[in-house]
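Working notes, structure below.
Bear in mind these aren't lab numbers, they're just calculated from the coordinates by the rules spelled out. If you're wondering where the values come from, they're calculated on a predicted model, not measured in any experiment. In this analysis, Cβ positions are derived from the backbone assuming ideal geometry, glycine residues included, and neighbour counts consider all displayed protein chains.
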Amino acid sequence: MGSVFLPHLHTGWHVDQSIVTEEERLVIIRFGHDWDKDCMLMDEMLYSIAEKVRNFAAIYVCDIDEVPDFNEMYELQDPMTLMFFYKNKHMMCDFGTGNNNKMNFTVDDEQELIDIIETIFRGARKNKGLVISPYDYNYKRVD
């Protein structure tokens, strides 16, 4: 249900514009399939925190079947992927999973997700391209 309320990006142009035009806030895009279980869970979580993080993060969803433009560029093979951008720059985060480019697992705790977003935002404002997650997910199974 969360994906119904979150802004959808329906074309590659919309994805680009969301990243390029946001000057102050972190841009978070959930790439995946709206019908996928992991995407639905993450969309619910993103929707539940959207109001709390609205001052420093803009949240969007993008169906990778509807907009395949970025599938190869961002290596979007996972069922659900969260990516972070700040001032037209891709932000990376070390979650302890070995993949610093994106978050490809769900988080089921609101405060945990807010902490991650806030950490990435603070690092981005300090011009860091890579930040360390406040939580270590190296134990979490990622398919």
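So which chymotrypsin sites (Phe, Trp or Tyr not before Pro) in the stretch 20-97 pass both tests, a DSSP loop state and at most 14 other Cβ atoms within 10 Å of the Cβ?
Values: sites: PHE31, TRP35, TYR47, PHE56, TYR60, PHE70, TYR74, PHE84, PHE85, TYR86, PHE95; in loops: TRP35, PHE56, TYR74, PHE95.
Those that pass, being in a loop and sparsely packed, are TRP35.
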How many angstrom lie between the C-alpha centres of the stretch 1-69 and the stretch 74-115? 12
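Only helices at least 20 Å long along their axis, Cα-based, and averaging -0.5 or more on Kyte-Doolittle count here, so list those DSSP H runs from the chain. List each step's numbers first, then the result.
Numbers: long enough: 37-53 (24 Å, 0.14); 110-125 (22 Å, -0.07).
Helices passing the filter in the chain: 37-53, 110-125.
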Kirkwood estimate for the stretch 33-98, i.e. one over the average of 1/r between Cα atoms, Å: 13.4
Using the 2.2 N^0.38 Å rule of thumb for compact globular proteins, work out how the stretch 42-143 stacks up: its C-alpha Rg over that value, please. 1.03
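Let a ≥ b ≥ c be the square roots of the eigenvalues of the Cα gyration tensor of the stretch 73-118; is it rounded (a/c under 1.5), or, if not, prolate (a/b larger than b/c) or oblate?
Working: a/c = 1.73, a/b = 1.19, b/c = 1.46.
Oblate is the answer for the stretch 73-118, as a/c is 1.5 or above yet b/c matches or exceeds a/b.
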Expected 222 nm ellipticity per residue - DSSP helices of 4 or more, -39500 (n - 2.57), all of the chain, to 500: -10000 deg cm²/dmol
DSSP beta bridges in the chain: the antiparallel percent, rounded to 5, is 50
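Using 21 Å as the Cα-Cα cut-off, could you pick out the over-long pairs in LYS102/LYS128; LYS87/LYS126; LYS37/LYS87?
On the way: LYS102/LYS128 16 Å; LYS87/LYS126 12 Å; LYS37/LYS87 31 Å.
Over 21 Å apart, Cα to Cα: LYS37/LYS87.
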With a point put 7 Å past each Cα toward its Cβ, work out how far GLN111 is from ASP69 in nm, to one decimal. 4.0
